[in-house]
Protein chains: 4
Amino acid sequence: MGSIEEVRPGDELVISADPNHPANLIPRLCKQFYTLGWVTGTGGGASIKQGDHVYIAPSGVQKELMEPENIFVMSWPTPKYPPSERVYIRKPLDLKPSACTPLFLSAFEQGAGCCIHTHSQWAVLVTLLVEQKFSKDACFEISTIEQIKGIPAGKGKGMLGYHDKLKIPIIENTPFEEDLTGSLEKAMQQYPDTYAVLVRRHGIYVWGDTWIKAKTQCESLDYLFQLAVEMHKLGLPWLP
Amino acid sequence: MGSIEEVRPGDELVISADPNHPANLIPRLCKQFYTLGWVTGTGGGASIKQGDHVYIAPSGVQKELMEPENIFVMSWPTPKYPPSERVYIRKPLDLKPSACTPLFLSAFEQGAGCCIHTHSQWAVLVTLLVEQKFSKDACFEISTIEQIKGIPAGKGKGMLGYHDKLKIPIIENTPFEEDLTGSLEKAMQQYPDTYAVLVRRHGIYVWGDTWIKAKTQCESLDYLFQLAVEMHKLGLPWLP
Amino acid sequence: MGSIEEVRPGDELVISADPNHPANLIPRLCKQFYTLGWVTGTGGGASIKQGDHVYIAPSGVQKELMEPENIFVMSWPTPKYPPSERVYIRKPLDLKPSACTPLFLSAFEQGAGCCIHTHSQWAVLVTLLVEQKFSKDACFEISTIEQIKGIPAGKGKGMLGYHDKLKIPIIENTPFEEDLTGSLEKAMQQYPDTYAVLVRRHGIYVWGDTWIKAKTQCESLDYLFQLAVEMHKLGLPWLP
Amino acid sequence: MGSIEEVRPGDELVISADPNHPANLIPRLCKQFYTLGWVTGTGGGASIKQGDHVYIAPSGVQKELMEPENIFVMSWPTPKYPPSERVYIRKPLDLKPSACTPLFLSAFEQGAGCCIHTHSQWAVLVTLLVEQKFSKDACFEISTIEQIKGIPAGKGKGMLGYHDKLKIPIIENTPFEEDLTGSLEKAMQQYPDTYAVLVRRHGIYVWGDTWIKAKTQCESLDYLFQLAVEMHKLGLPWLP
């Protein structure tokens with residue numbers, strides 16, 4: 001990932017009448033994520049890459065009250081530019097960029113078009129239960145639940161089947177969010193088919209080819225995590 | 001069930017100023033089902049039969065953002081036509097028909113006017129608890145809970161009484177949703193009074209004479225499933 | 001309670017521009033109760049007495065979609081009329097009166113201005129836990145929880161104090177809702193200070209001097225029932 | 001804290017077109033807190049200090065229906081006035097001031113700009129679990145959960161780090177809310193870095209430099225309390 005430099009242009013990059021413009025979409029998604037309990041207390045975030053622009057929710061803002069003007073925009077140069085050319089081409093003066101930014105960029109380098117980060121309690125509990133039940137190195141694994149079919153099997157491999165095993169790697173948390181980048185990228189290499197990485201005691205990063213896929217995959221995963229916690233309470237195993 | 005063929009007419013079948021037109025109702029219902037956690041991650045669906053038309057929610061769409069233009073319409077010929085005449089008379093070009101379609105049609109052949117499919121976690125957990133407590137062949141059974149009175153006793157038999165036993169059959173899930181049709185229809189034959197069939201590790205199909213009955217019956221069942229899971233956690237039996 | 005006869009006047013009794021007119025209030029409250037999970041699947045109901053009129057939610061209607069035109073109105077004659085004069089002075093032609101009506105009237109005879117009936121799962125679970133922990137004759141009792149101060153100590157006795165014991169009688173359910181009237185009235189006589197009666201395996205009736213008091217007392221009770229269920233799961237006793 | 005006297009001026013103190021005026025903010029926040037389950041049954045409250053005015057939610061009002069006209073305003077004299085000059089400069093005639101007022105003022109004396117009081121069940125359960133697991137004198141303590149970073153380490157000390165221990169003191173409840181003032185202030189002195197005090201069997205007081213910080217800190221704490229209760233149920237310790 002290249003160095004991040006500052007420039008300060010006008011607001012035209014985030015003002016659009018199109019409700020599906022990324023600068024309109026991110027606040028709308030974050031409002032919805034707030035009601036789902038994913039981004040309480042300014043936690044979590046979201047980013048969308050469109051063409052040669054990356055749109056990023058700011059740090060420390062109440063996610064349900066975010067406005068298009070709060071969105072950071074970074075250039076995502078086409079191949080002719082070296083990666084080092086990535087710069088903020090729009091920064092709200094009164095806000096700080098998200099500490100998740102390098103993690104979002106890692107997802108985009110994998111080809112994603114959108115990346116979502118939640119602090120969902122179901123995700124956090126699942127990371128703790130995996131450690132308690134198995135070991136620190138274990139992935140979260142579940143199988144033969146219909147909702148698994150909402151998760152892709154890997155790039156160009158279609159969706160997981162009902163009998164397939166969903167496997168989400170878990171990385172250890174670090175004091176500073178940006179320090180997760182190394183282990184996130186390592187997990188991406190080790191599990192090239194995954195569209196999500198759990199972060200122990202922290203939450204999850206989920207990405208997808210489009211914002212719709214990232215969001216619906218994040219919903220399906222959260223559904224599975226919640227179900228897995230309830231199954232555990234009821235003595236029901238995650239794998240047949 | 002007859003073969004399904006394609007035709008492509010105009011949009012007049014799904015554009016109506018009447019808020020209770022099926023093409024307006026299905027999106028409104030799906031939005032409500034989303035907030036209830038029944039159709040997260042594009043899961044689940046709904047279909048309404050009105051006169052000689054069947055209106056069906058599409059596959060793979062965010063259920064809380066569905067629009068009337070997304071609705072598929074299939075002909076449901078009156079008796080003079082043979083069943084083989086069932087064809088799509090309206091297909092959104094950019095969407096796929098729901099894999100639940102043959103299951104919805106099975107419900108309509110039973111005389112239903114609306115069929116709802118949810119991935120409710122309470123439904124899924126109940127199917128697992130029944131297997132854990134009893135056996136793979138057992139039905140979900142509960143009795144002497146007031147909300148049971150929200151479920152019909154069978155066609156033309158009025159509603160269940162407080163002391164009656166509610167009995168919902170459970171079928172095994174299959175890798176492809178359409179392959180559930182056979183066992184769904186078998187369960188309908190074996191339990192001719194039922195207005196719902198649970199699908200293990202998947203969810204539930206609920207139908208009713210009208211969309212109002214299908215919806216309120218689905219709500220009553222979901223209430224009972226949630227209560228049953230909580231009762232199980234607290235050591236309270238489902239039958240007296 | 002007097003006999004209930006039919007008459008059919010115009011709609012002027014339920015059409016009002018005042019948002020706090022009972023015919024506007026009841027639908028608004030029921031919509032809110034629906035989101036709280038109290039009246040799912042057409043269960044539950046509410047009634048308000050104002051002057052010499054009693055306004056009652058109809059039977060079998062989706063509570064979140066109720067309209068002022070759906071409201072039944074019954075006369076509540078001032079003392080000069082004998083009680084036998086109570087008649088419906090407005091009946092929606094297409095709806096059935098609520099089976100809760102005689103129970104609402106019992107509350108009004110106690111001096112209440114509003115009565116709410118919910119199928120809250122927390123209420124149902126509490127009735128089952130009381131039976132499991134103590135006996136069929138036991139009341140639900142809880143003490144030293146701040147929210148208890150939201151419940152009146154009895155007519156003209158102010159609110160319960162933090163160290164007071166909240167005591168809600170539980171009556172057994174009956175196959176027909178109207179048959180609860182006798183045991184509800186008996187519980188009212190036996191526990192003259194109570195503003196609520198739990199119905200085993202069914203839900204709760206809560207009343208208050210005004211709709212605001214009935215609603216906020218119902219909220220406080222539901223809060224306490226939910227807390228009590230969670231405390232039970234965690235091995236925490238309801239009384240010190 | 002000084003004596004509280006009465007005066008009755010016009011409404012200009014609470015009527016503003018600015019959506020972020022405290023008299024508009026408090027009702028909006030309370031409506032949001034209602035949906036979070038924090039202020040059910042008129043419980044809980046909120047207060048904002050701006051310049052030399054303190055704006056306070058009234059007692060006994062349905063929190064989701066509060067209006068700017070319901071807000072009390074108290075003077076908060078600048079240093080040249082002695083504290084004894086604190087008086088209500090606006091009182092709604094039909095409402096009673098909140099019993100939380102002296103506790104809100106204690107927070108403002110610590111330099112806070114906003115104080116929130118909730119009856120969150122997660123907060124109540126945590127106070128009971130701490131007593132059950134440890135002792136009456138123990139604080140709630142949790143560590144190595146990402147959301148901890150949403151809580152300040154103390155005045156001018158930045159936010160807590162991931163490996164820091166969050167420590168929230170718990171005071172015993174009293175029959176009258178205003179009688180909590182002494183022990184709240186004692187806890188503030190004993191734990192000068194805390195921005196919140198739990199009240200056993202009652203709820204929590206959370207404050208912050210601004211309404212945004214108070215609200216997001218309250219959300220982060222509530223998230224941690226809920227997670228802690230779930231962790232306890234699953235046999236997962238709060239400290240590594």
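The values are calculated or read from the model by the stated rules, or taken from the named source; none is laboratory data. As the structure is a prediction and not an experimental result, all values here were calculated from the model. Cβ placement follows ideal geometry from the backbone for every residue including glycine, while neighbour counts extend to all protein chains displayed.
Just a few scattered comments:
- Test set (1) under 30 Å from B:Glu141 (Cβ atoms); (2) within 14 Å of chain A (Cβ to nearest Cβ); (3) surrounded by fewer than 17 Cβ atoms within 10 Å (Cβ to Cβ) - B:Glu109 fails condition number: (2)
- Answer residue from the stretch B:209-237, given it is among the small types (Gly, Ala, Ser) and in contact with a Gly (Cβ under 7 Å, 6 or more places away or on another chain) and is surrounded by the most Cβ atoms within 10 Å (Cβ to Cβ) among those: B:Ser220
- Here the condition is being under 18 Å from D:Phe108 (Cβ atoms), within 12 Å of another protein chain (Cβ to nearest Cβ) and either hydrophobic (A, V, I, L, M, F, W, C) or surrounded by fewer than 23 Cβ atoms within 10 Å (Cβ to Cβ) (or both); of D:Ile148, D:Ile204, it holds for D:Ile204 alone.
- Filtered by the rule that a residue be in contact (Cβ under 8 Å) with a residue 60 or more places away in the chain and either outside the structural domain of C:Ser135 (by TED's automatic domain parsing) or within 12 Å of C:Cys139 (Cβ to Cβ) (or both), the stretch C:185-199 gives a lone residue, C:Leu198.
- Scanning the stretch D:2-41 for residues that are at pLDDT below 95 and in contact with a Ser or Thr (Cβ under 7 Å, 6 or more places away or on another chain) yields D:Gly2, D:Ser3.
- Residue among D:Ser143, D:Ser120 that is outside the structural domain of D:Phe72 (by TED's automatic domain parsing), at negative phi and buried (at least 19 other Cβ atoms within 10 Å of the Cβ): D:Ser120
- Among (1) crowded, with 22+ Cβ neighbours inside 10 Å; (2) more than 10 Å from chain B (Cβ to nearest Cβ); (3) of a type outside the set (Phe, Trp, Tyr) - the single one A:Ser135 does not satisfy: (1)
- Residue count, the stretch C:225-240 (criterion: facing chain D (nearest Cβ under 9 Å) and outside any loop (DSSP other than H, G, I, E, B)): 5
- Residue in the stretch B:33-65 that is nearest to the other protein chains (Cβ to nearest Cβ), counting only those that are among the hydroxyl-bearing types (Ser, Thr, Tyr) and more than 24 Å from A:Met159 (Cβ to Cβ): B:Thr35
- D:Thr118 polar (S, T, N, Q) and within 22 Å of D:Pro192 (Cβ to Cβ): no
- Here A:Glu219 does not fit the description of being within 14 Å of chain B (Cβ to nearest Cβ), free of Cβ contacts under 8 Å to residues at least 60 places away in the same chain, acidic (Asp, Glu) and within 27 Å of A:Thr40 (Cβ to Cβ).
- Extreme residue, surrounded by the fewest Cβ atoms within 10 Å (Cβ to Cβ), among residues of the stretch C:151-199 that are polar (S, T, N, Q) and farther than 30 Å from D:Val199 by Cα: C:Gln189
- Restricting attention to the stretch A:30-42, the residues that are surrounded by fewer than 24 Cβ atoms within 10 Å (Cβ to Cβ) and at negative phi add up to 6.
- Qualifying residues in the stretch A:207-216 (those that are assigned to a helix (DSSP H, G or I), of a type outside the set (Phe, Trp, Tyr) and more than 7 Å from every other protein chain (Cβ to nearest Cβ)) - the one nearest to A:Ala187 (Cα to Cα): A:Ala214
- Output for the stretch C:89-131, where each listed residue is over 15 Å from C:Trp207 (Cβ atoms) and among the acidic types (Asp, Glu): C:Asp94, C:Glu131
- A:Glu177 vs. criteria in contact with a helix residue (DSSP H, G or I) (Cβ under 8 Å, 6 or more places away or on another chain) and either more than 10 Å from chain B (Cβ to nearest Cβ) or within 22 Å of B:His119 (Cα to Cα) (or both): yes
- Filtering B:Leu166, B:Leu125 for residues that are away from chain C (no Cβ under 14 Å), over 16 Å from the mean Cα position of the chain (by Cα), of a type outside the set (Phe, Trp, Tyr) and closer than 30 Å to C:Thr118 by Cβ leaves a single hit, B:Leu125.
- Leading residue by the ranking (nearest to the other protein chains (Cβ to nearest Cβ)) among those in the stretch C:185-200 that are of a type outside the set (Val, Ile, Thr) and either in a strand (DSSP E or B) or closer than 24 Å to B:Leu227 by Cα (or both): C:Arg200
- For the criterion of being surrounded by 22 or more Cβ atoms within 10 Å (Cβ to Cβ), closer than 20 Å to D:Phe33 by Cβ, at pLDDT 95 or above and in the same structural domain as D:Asn20 (by TED's automatic domain parsing), D:Ile56 passes.
- Flag for C:Glu64 being surrounded by 14 or more Cβ atoms within 10 Å (Cβ to Cβ) and acidic (Asp, Glu): yes
- Among residues of the stretch A:28-55, those that are small (Gly, Ala, Ser) and not in a strand (DSSP E or B), counted: 5
- Criterion (under 30 Å from C:Leu234 (Cα atoms), free of Cβ contacts under 8 Å to residues at least 24 places away in the same chain, in contact with a Leu (Cβ under 9 Å, 6 or more places away or on another chain) and not assigned by TED's automatic domain parsing to the domain that holds D:Ser47) met by exactly one of D:Leu160, D:Leu180: D:Leu160
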